[in-house]
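Read-outs throughout are calculated quantities, based only on the coordinates presented, and are distinct from any laboratory measurement. What you see is a predicted model; the values in this text were computed from it and never measured. Note that we place each Cβ from the backbone using ideal geometry, even for glycine, and neighbour counts take in every protein chain shown.
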Amino acid sequence: LPSGILLQSANNEQSALMQIGGTRLEVHGTAFVTAQNANSYPIVHVLAGYTVIYTEAFDLIFVPAGGVNRAASVVPFDTASVALLPVQLLPVSIRLPAAITEADIAHLTEAYLTTLATAQATPTPQPTADPTICRRVTRGTTTLYAGPGDFYEAINSLNAGVSVTPIIAASDPDGRTWWQLTTSNWLLASQIRETGLCPDVPRTQNITPPRNNTLSLETCETTNGPLRAGQQVTIQFTPPAFDNWGEARDAVSIDPGRISIGARTYRAQATSPIRLGTADDDERYLRTFYIVWNAVPGTHRIVGDRLSYEPICTLVVPVG
């Protein structure tokens, strides 16, 4: 496998950011950044979700899952080129590091391996635990969700062996038990190992839904659990890619798009053009059209409309 940096965000709605020279990477999901050598262009491999690349020319490149794109070139670090910088004007004194050499890398690697071998040869004393004390720790890497179900937005994750404190329990439609932690996030109870004398976690049927949600008219699915009355819902659709920047730029002038909920029609807003970076020579652009709707109870037929593109969803918002 090539060496590189693996970037991963908590979910596709949130992003992990990385700056490479004048290029900014906004990773929604998982991406692997590598290069053939120190002077070559960084290569971005999107493994899941998508990544937006902001170039030095203020261009936006959208790279979907499975796509590969080249970021801007990186200027190698040169100690001599920064020797005359007015660092004395900075509010905090700093020291510029010298460029690392192959000999430095070899020396540090040998020192690390020596330290690791010494640590492995020295047994770690194990404290004697009280067998009656309740302990709840994660069995493995565990995902935290915004609600009691994996159809809610993924918020974060916990490593194996992390201690947790559940405050209430609830069941999802499949009958699986979920625990809400003191941080308000939820995880599957089966992902937790209990030792000692642990009291039962009190159950509840009243789950406070997340305040925000997003509905895709292409899939008729939400990103943060089922729709609930009172949620601020971003309803969106993404027409087929525009062939060039000019078409994407003028799209809202030609047809701004609309979203109808029942008999009421709303004028849509549109995101800025995002380049579809499936290949270096791909000059197509995407724009997402959306409205923000305060969900009310009932059965709703929702229709997106722009030129001949018309995605349709029918869904139910329950009371309460």
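Structure data summary
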read-out	value
Charge dipole (debye, nearest 20) of the chain; +1 at Cβ of Lys and Arg, -1 at Cβ of Asp and Glu	1040
Mean ellipticity per residue at 222 nm, deg cm²/dmol - from DSSP H runs of n ≥ 4 across the chain, formula -39500 (n - 2.57)	-2500 deg cm²/dmol
Within a Gaussian network of the chain (alpha carbon springs, distance under 10 Å), most fluctuating of Gly140, Gly66, Gly175	Gly175
DSSP loop trypsin sites (Lys or Arg not before Pro) with at most 12 other Cβ within 10 Å: longest gap in the chain	212-320
Per-residue ³J(HN,Hα) for the range 187-192, Karplus 6.51 cos²θ - 1.76 cosθ + 1.60, θ = phi - 60°, Hz, x for Gly and Pro	9, 5, 5, 5, 7, 10
FRET efficiency, Arg176 to Ala98 (Cβ-Cβ, R0 51 Å, nearest 0.05)	0.40
Average Cα contact separation per residue, the chain, under 8 Å, 6 or more apart, as relative contact order %	13
Of Tyr285, Tyr54, Tyr309, the one that fluctuates the most in a GNM where the chain has Cα springs shorter than 10 Å	Tyr309
Full-stretch length increase - Ile312, Leu113 - with 0.36 nm per residue and alpha-carbon distance subtracted	65.7 nm
Distance between the range 161-194 and the range 290-304 - C-alpha centres, whole angstrom	31
Residues whose placed amide H lies under 5 Å from that of Asn11, excluding near-sequence neighbours	Gly29
Rg and Dmax of the range 222-320, Cα atoms only, in Å	15.3, 50
Fraction in percent of alpha-carbon pairs per bin - 20 Å, the chain	22, 45, 29, 4
Sorted by Cβ density within 10 Å, fewest first, the residues His107, His300	His107, His300
Listed residues Pro123, Pro202, Pro226, most fluctuating in the chain (Gaussian network, C-alpha, under 10 Å)	Pro123
